[in-house]
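Q: For reference, the structure I am asking about is given below.
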Amino acid sequence: MATPSTSMARACGSTASMRPSMISYRHGGGYRCGQVAANALSGLIGRQAVACVEVDRDRYGRLVAVCSVGKVDLADWLVRSGLAVDWPRYSKGDYAAAEAEARGKQSGIWGGRFVKPWHYRQCLSAGGRPGGCSGEGSGAGR
């Protein structure tokens, strides 16, 4: 068992906008979708115990795990709520249906324009600046 205050795990198969510069534009304005996702997840978890099952370690040695509260898979909940996206490279499609549902309802980030986190990181690695990599003019889910 792990609690948010004592342990950190990277959710297996999904990714949320984690950096403050990751901005999703909805209705002409921007918001910090990573912060919104973190706050929503904190609200869901509250003081409940979080159970994590280690799946792997990433290239930085961080724990990659499937975490749940009760019977709720936290990555699925984040993706289904439009607060994270399926990362097919790692999920092998486990969260594709959840993402399709969120996209269909235009939930969370799907209600605006955003750059998928792996594209954002690629842009930064190529020398881009956070504002330019956030893609204000890009299409939703680029």
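The values are calculated or read from the model by the stated rules, or taken from the named source; none is laboratory data. On a predicted model such as this, the values are computed, not experimentally measured, just so you know. Glycine gets a Cβ as well: all are built from the backbone with ideal geometry, and neighbour counts include every protein chain shown. In case anyone asks, the SASA skips ligands and DNA or RNA and just uses the protein heavy atoms, side chains included. Shrake-Rupley method; radii C 1.70, N 1.55, O 1.52, S 1.80 Å.
Q: Which of the residues that make up the range 42-93 are in a loop (DSSP other than H, G, I, E, B) and either within 25 Å of residue 115 (Cβ to Cβ) or among the hydrophobic types (A, V, I, L, M, F, W, C) (or both)?
A: The answer is 49, 58, 59, 60, 62, 81, 82, 83, 84, 87, 92, 93.
Q: Which residue, of 87, 77, is at pLDDT 85 or above and either out of contact with any Pro (no Cβ under 6 Å at 6 or more places or on another chain) or of a type outside the set (D, E, K, R) (or both)?
A: 77 is the lone residue from the list that is at pLDDT 85 or above and either out of contact with any Pro (no Cβ under 6 Å at 6 or more places or on another chain) or of a type outside the set (D, E, K, R) (or both).
Q: Any residue in the range 27-48 that is modelled with pLDDT under 80, under 25 Å from residue 93 (Cα atoms), touching a helix residue (DSSP H, G or I) at 6+ places or on another chain (Cβ under 7 Å) and open to solvent by less than 50 Å² (accessible area, probe 1.4 Å)?
A: Scanning the range 27-48 turns up at least one residue that is modelled with pLDDT under 80, under 25 Å from residue 93 (Cα atoms), touching a helix residue (DSSP H, G or I) at 6+ places or on another chain (Cβ under 7 Å) and open to solvent by less than 50 Å² (accessible area, probe 1.4 Å).
Q: Let me ask you something else. Just to be sure I understand, how many residues within the range 90-125 are of a type in the set (D, E, K, R) and modelled with pLDDT of 85 or more?
A: Selection size over the range 90-125: 5.
Q: Right, here's the next one. What's the number of the condition residue 132 fails, among (1) modelled with pLDDT of 80 or more; (2) over 12 Å from the mean Cα position of the chain (by Cα)?
A: Residue 132 satisfies every listed condition except (1).
Q: If you don't mind, another one. Looking at the range 106-128, I want the residues that are surrounded by fewer than 17 Cβ atoms within 10 Å (Cβ to Cβ) and have a partner that is at pLDDT below 85 and of a type in the set (Phe, Trp, Tyr) with Cβ atoms under 9 Å, at least 6 apart or on another chain. Which pairs are those?
A: Taking only residues 6 or more apart or on different chains, the pairs are 118/87; 128/120.
Q: Could you list all residues from the range 68-87 that are open to solvent by 50 Å² or more (accessible area, probe 1.4 Å) and touching a residue at least 60 places away in the same chain (Cβ under 8 Å)?
A: Those that are open to solvent by 50 Å² or more (accessible area, probe 1.4 Å) and touching a residue at least 60 places away in the same chain (Cβ under 8 Å): none in the range 68-87.
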